[in-house]
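Visitor: Here it is: the structure, laid out below.
All of the numbers you see were taken from the coordinates with simple rules; none came from a lab. Keep in mind that what you see is a predicted model, and the values were worked out from it rather than measured. With ideal geometry, Cβ positions are generated from the backbone for all residues, glycine too; neighbour counts draw on all protein chains shown.
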Amino acid sequence: MQISTPHNFHIPVMGLAYSIDSPIKVACYGINSAISIIEDNLVEAMRKHYSQKNGETYIPISAKEKDYRVKRISSYLNLMQSLVNSKFEKIKNSSFTLGSDLMKYFEMLPDTGDLKRTFQEFLLTKNPLEKECLWNLLKEKMEPGAIEVNIMTKVDKDNLDKEDIPIPNASDALSALRAYAISDLKNSSIIFSAGMNPRLYNYMENFRELDADASGHFHKKVVIKVSDYRSAIIQGKYLAKKGIWVSEFRIESGLNCGGHVFATQGLLMGPILNEFKEKKEELLESLFSLYNPAIIAKGQQGFSKPHAVKITVQGGIGTSEEDNLLHNYYKVDSTGWGTPFLLCPEATTVDKETLQLLLNSKEKDVVRSQSSPLGVGFNYLKGTSAETERLNRIEKGAPGSPCTEKFLVSNTEFTKKPICTASRKYQKLKIKQLEESDLSEIEYQQQKEDVLSKECLCVGLSNSAALNYEVPFLKKQQAVTICPGPNIVNFSKLSTLREMSDHIYGRSNLMHQKGRPHMFVREIELYIDFLEQQITRTQNPEKRMLKNWGTFCNNLIDGIDYYRELLKKQILDNNPEEFESSLKKAELTIMKLKDSLLKTS
């Protein structure tokens, strides 16, 4: 049996710094949250901060030590688990007094849950014996939130020895996985995002910590973040053949999310969720048919039936009505609320200057940029100190960043050793190449702009915590990048943890924006914009590309038809006229795009 989760939502990983200590803040209230562990310098700075804050002995782990990344990451995770346990037990052993953290724990729970109903019964009961029984029952049922750890599979640089030979099993992602596996975390999850990394997935076979015990319980669960059902079945089967069970598929909108975006071929969230809903049993059986023989072949005990698999979703959720739709109609187990929590200091860590930018942000300020050195789109807030720094360097004729962290080095276009496309070295070489090439002025300017738009995310996405807690770990580098989803423009005030949970569960409303489109409609708008941008940026497209764009359009039309069916069934009953009007507008735009593609071909 798996431990039940008190809440119906989770806080996804955000940047490197923004959720780096979220579990310490929210797990004691039963809320699951995820952190990134790839930037070990940030992790070590946070370990120092929280050790000293809580009177713990802090012994620095030097970058000169053998296996220092594993030691730093596992030590921080161990400290985090210890602090969460301590805070949770303190709350659990306190009294039900007005304004106490114990009251807060139960008051924030969803009203539909059994635990909340028992709590309400406890409040209304006058009989002392009944009240004591209910008191004991409530405390017995209390559970802390899970500490979830995210590894972005594409961030997996080899680390070299003194002879410049890759150290076995010491790449960034592999060492992060090993640190997680040997840590003290319990009732936890390791989340793999950004697609399949065979080297990383193969390495997972080495860790018995990821296995189920004899009763089928996982202390450390495997979660895969996916964009559609096909991705889930491919990755799930790959791991099942190795005797690794995926306990959760976390679906994220391809474009209506924060940070890196991985657009589908026009496949929309509603149809994707529907496929998971209809094929869940098929998914379980197909994975189990590979998983069970694999563990038996390894000499482990087989199981009589599949383990549980959760289906969760995140990206662009903004109202309790949307949240209810996802739970009640699509039967998801949890919803991810990321971007709105950036305005909740009780849950996330954002420095004051950047927080003010978020509070004042408008639709034009959140862009799908080319800022990421990974070469994929990146939802990004304009006006940050990192953008200002980047533009100042360009103006001074010295574009690019110093590249001190080197987590995103991958380009070997000009060098034997990989370098980062946001680095000063790469941008100087690339711009020189462009200047000497035989490009048209339009193509030259476009490619030059793409080069100069790259930003140092290792530093920019880490610095908010360093500034907030005054634990700088990078000399003379204080610029901040932040990557909210488009949904940030609908929220414009700071909230407490209680206020945010009340908003999610429909007990209050924090959203200021009137006329905000439904999350499904907003995703369609983002996909149309994405396609238009792709078409505009491509000079003389090949037939294959035109065909792909045609398929993209067809998938969008199919998605719109699917939503129309939901309207007919009154599934989407919140302002259906406006929803239909938005669908019609989107459909006309797509048909025009499709016609222009046919003329081009």
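Visitor: Just to confirm my numbers, what's the Cα centroid distance between segment 1-61 and segment 80-111 in Å?
Guide: If you average the Cα positions of each part, the centres end up 17 Å apart.
Visitor: Moving on. To make sure I understand the rule: partners must be lysines, Cα under 26 Å from the Cα of Lys362, and not fewer than 8 residues away in the same chain. Which ones qualify?
Guide: Lys352, Lys382, Lys454, Lys493, Lys514, Lys584, Lys585
Visitor: Using a cut-off of 14 Å between beta-carbons, work out the net charge of the residues near Val366 (Lys and Arg +1, Asp and Glu -1, Val366 not included).
Guide: Here the count lands on +1.
Visitor: State the answer as a single residue: which of Asn574, Val376, Leu123 lies farthest towards the positive end of the charge dipole of the chain, with beta carbon charges of +1 for Lys and Arg and -1 for Asp and Glu, about the Cα centre.
Guide: Val376
Visitor: If each of Glu163 and Lys569 carries a label point 7 Å out from its Cα toward its Cβ, how far apart are those two points in nm?
Guide: Simple spin-label model gives 6.3 nm for this pair.
Visitor: Moving on. Could you list which residues have their amide H under 5 Å from that of Lys221, counting only those 5 or more apart in sequence or on another chain, with H placed in the peptide plane?
Guide: Those qualifying (amide H under 5 Å, at least 5 residues apart or on another chain) are Ser188, Ser189, Ile190.
Visitor: Need the full-extension length gain, Ser94 to Lys382, defined as separation in residues times 0.36 nm minus the C-alpha distance. One decimal, nm.
Guide: In short, 99.2 nm is gained.
Visitor: Turning to a different aspect of this structure: Packing-wise, with mean Cβ within 10 Å as the measure, how do 128-141, 203-216 rank, highest first?
Guide: Ranking, from highest mean packing down: 203-216, 128-141.
Visitor: Which lysines, if any, have their Cα less than 20 Å from the Cα of Lys305, not counting same-chain residues under 8 positions apart?
Guide: Counting by Cα, and skipping residues close in sequence, Lys305 has these lysines nearby: Lys220, Lys221, Lys237, Lys241, Lys242, Lys277, Lys279, Lys280.
Visitor: Follow-up. I need the peptides 503-511, 531-539 ranked by packing, meaning the mean over residues of other C-beta atoms within 10 angstrom, with the highest value on top.
Guide: Ranked by mean Cβ neighbours within 10 Å, highest first: 503-511, 531-539.
Visitor: At 7 Å along the Cα-to-beta-carbon direction for both Ser86 and Ser215, put a label point, then send me their distance in nm to one decimal.
Guide: Label-label distance for Ser86 and Ser215, simple model: 2.9 nm.
Visitor: Of the listed pairs Lys157/Lys425; Lys71/Lys406; Lys48/Lys139; Lys66/Lys87, which have alpha-carbon separations greater than 22 Å here?
Guide: Result: Lys48/Lys139; Lys66/Lys87 exceed 22 Å.
Visitor: Given a Förster distance of 30 Å, report the FRET efficiency between Tyr58 and Lys476 from their Cβ-Cβ distance, rounded to the nearest 0.05.
Guide: Calculated transfer efficiency: 0.80.
Visitor: Turning to a different aspect of this structure: Could you let me know the centre-to-centre spacing of segment 304-335 and segment 398-477, using Cα atoms, in angstrom?
Guide: Between the Cα centre of segment 304-335 and that of segment 398-477, the gap is 38 Å.
Visitor: Taking +1 at the Cβ of each Lys and Arg and -1 at the Cβ of each Asp and Glu, which of Tyr58, Ser385, Pro345 sits farthest along the dipole of the chain towards its positive end, judged by Cα position relative to the Cα centre?
Guide: Toward the positive end, the furthest listed residue is Tyr58.
Visitor: Shape of the chain from its Cα gyration tensor (a ≥ b ≥ c, root eigenvalues): rounded if a/c is under 1.5, otherwise prolate when a/b > b/c, or oblate?
Guide: Judged from the Cα gyration tensor, the chain comes out rounded (a/c under 1.5).
Visitor: Going Cα to Cα from Lys599, which aspartates and glutamates come in below 15 Å? Please leave out same-chain ones fewer than 8 positions away.
Guide: Once the sequence-local aspartates and glutamates are set aside, what remains near Lys599 is Glu542.
Visitor: Quick one: dipole size for segment 491-566, taken about the Cα centre, charges +1 on Lys/Arg Cβ and -1 on Asp/Glu Cβ, in debye to the nearest 20.
Guide: Approximately 200 debye in magnitude.
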